[in-house]
1. Any idea which of ILE123, ILE110 is under 30 Å from GLU180 (Cβ atoms), of a type in the set (A, V, I, L, M, F, W, C) and touching a strand residue (DSSP E or B) at 6+ places or on another chain (Cβ under 7 Å)?
2. Go through (1) surrounded by 16 or more Cβ atoms within 10 Å (Cβ to Cβ); (2) over 24 Å from GLY5 (Cα atoms) for ALA150 and report which single condition fails.
3. For ILE214, work out the one condition from (1) part of a helix (DSSP H, G or I); (2) under 19 Å from ILE152 (Cα atoms) it doesn't fulfil.
4. If I ask for residues that are touching a strand residue (DSSP E or B) at 6+ places or on another chain (Cβ under 8 Å) and within 14 Å of THR196 (Cα to Cα), which ones from region 138-169 would you list?
5. Out of the residues in region 26-72 that are polar (S, T, N, Q) and closer than 21 Å to VAL135 by Cα, which is modelled with the lowest pLDDT?
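The values are calculated or read from the model by the stated rules, or taken from the named source; none is laboratory data. What you are looking at is a predicted structure, and each value in this text was computed from that prediction instead of being measured. Cβ placement follows ideal geometry from the backbone for every residue including glycine, while neighbour counts extend to all protein chains displayed.
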Amino acid sequence: MEIAGVLFDLYGTLYTYGNMSKAFGLWHEDVTRALKELGISASVSQVSKQCKHFFTEPVPDTDQYTQYELRLKRLAEFFGATPDYNWIKHTAAISMNRWQRLVPIHPQTIPLLKKLKKQGLKIGVISNFQHAPHVRKVLRKHGLLKILDAVIISGEVHVRKPDPEIFKIALERLGTKAEETLFVGDDPERDIRGATSVDMQTYLFQNGSSLFDIFKNG
């Protein structure tokens, strides 16, 4: 069946995972540095140990803070500090910058998306990311917000892949039917099973491989 739209996973697909051990090491350093601004003298290793379940422990959805910001707030409180609004917002804004450098945009992302748009396809992104401002900043930096027809971030819609609901939201915003939409992602469970559950076509992508190969027979 011909496709009318394509939805992509973001990290591991349109952006390529590099040395993630180093990336999170830099993140631990930056968070530790931010904690020192609150008078916390914890070492990088202490912060790293406490962050073992940083991204997986449940936090409530609030209008004031993103989930990532709430996690930073909890971390500071664990070490005995009382972070204010400005510290939380500022730390969230800068603490992933060096991490992001080791997750660069795939060199074929922009050429491919422009080609698909020229062919008349609707294109969008679904990302399981808890801090939507960072995602939008990265997409804006590379000019992707002007190309994409839909950007769905779990931190904004409060539901994550593989929950079928996030795919339904994406289809509604993209304006295409499930059976005529292809989902491209690198995770068999979150991406492929999730998209299949709403009857989308799927393609399992290997991090760093050729994006153009997805459509070589199309």
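1. When all the criteria are applied, what remains is ILE123.
2. Only one criterion in (1) surrounded by 16 or more Cβ atoms within 10 Å (Cβ to Cβ); (2) over 24 Å from GLY5 (Cα atoms) is unmet by ALA150, namely (2).
3. (2)
4. LYS161, ILE166, PHE167
5. Only one residue tops the list, namely THR62.
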